[in-house]
Amino acid sequence: MTVYYCDFAVGDDVHGAYHDQEYGFPVTDESRLFERLLLEINQAGLSWALILKKREGFRAAYDDFNVDRVADYGEEDRSRLMQDARIIRNRLKINAAIANAQVIRNLRGSHGGFAGWLRHHHPLSKAEWVKLFRKTFRFTGGEITGEFLMSIGYLPSPHREDCPAYKKIALLNPPWMEN
Ligand SMILES: [Zn+2]
C-alpha cells in the first residue's frame with residue numbers, strides 16, 4: 001500500500017504547513033523555484049524533516065535564494081557556507097547551488113526565466129524530464145528531479161485524492177492537470 005505524505009504530514013509540527021500550503025502547489029516565482037530545487041538537492045541522503053527544520057537557516061545563508069546573488073558567490077562565500085551549521089555543509093551541494101543559480105540566470109535570456117523554461121518543455125514524461133535536468137543542472141538525478149517536479153505541480157500530485165490540499169491544488173490548475 002502506498003504511504004502518502006498526507007498520511008503523516010497533516011497536523012505535524014514540522015510537515016503540516018508545508019503539506020497544506022506548498023507541496024504540489026504551482027510555483028512560478030524564480031527565487032521560490034530555486035529554493036525548492038535547492039532544498040530537494042540538499043535532502044539527498046537526509047530526511048525532508050531535517051530540511052524543513054533548517055529552511056530558515058537556508059534562506060538566511062543563501063540570501064533568500066536570490067538567483068543573482070548566489071550566482072555571483074565566490075570563494076569567500078563557499079568557505080562561509082561550509083562553516084554555516086544552519087545549512088547542510090556539503091561541498092558538492094554548495095557548488096551545485098552556485099552552478100544552478102548561474103544556469104537559472106541564463107534561462108532568463110533563453111526562455112524568459114526558470115518558470116518559462118519549465119513551461120516551454122511541458123509536457124514531458126518523468127524520464128524525459130530527468131534526462132533534461134541532468135543535462136541542464138547539477139546534482140539533479142531521478143529522485144531529486146521527480147520530487148522537485150511533483151512539488152511544483154509539473155508531475156502528478158503527491159496528495160491523496162481525498163486530501164483537502166488536493167482540492168485546493170486542483171482549483172489552481174497545475175500543469176500536470178492540463179493534459
Ligand atoms: Zn495531502
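Within region 8-29, can one find any residue that is in the same structural domain as I144 (by TED's automatic domain parsing), modelled with pLDDT of 95 or more, within 16 Å of the ligand (Cβ to nearest atom) and over 21 Å from F114 (Cβ atoms)?
No, that holds for no residue.
Just checking, how many residues over region 132-179 are exposed (fewer than 15 other Cβ atoms within 10 Å of the Cβ), closer than 21 Å to H120 by Cα and within 16 Å of the ligand (Cβ to nearest atom)?
Of the residues in that region, 3 qualify.
Restricting to region 21-49, give me the number of residues that are within 25 Å of D68 (Cβ to Cβ) and of a type in the set (A, V, I, L, M).
6
The values are calculated or read from the model by the stated rules, or taken from the named source; none is laboratory data. If you're wondering where the values come from, they're calculated on a predicted model, not measured in any experiment. Neighbour counts are summed over all protein chains in view; Cβ atoms, including those assigned to glycine, are modelled from backbone coordinates with ideal geometry.
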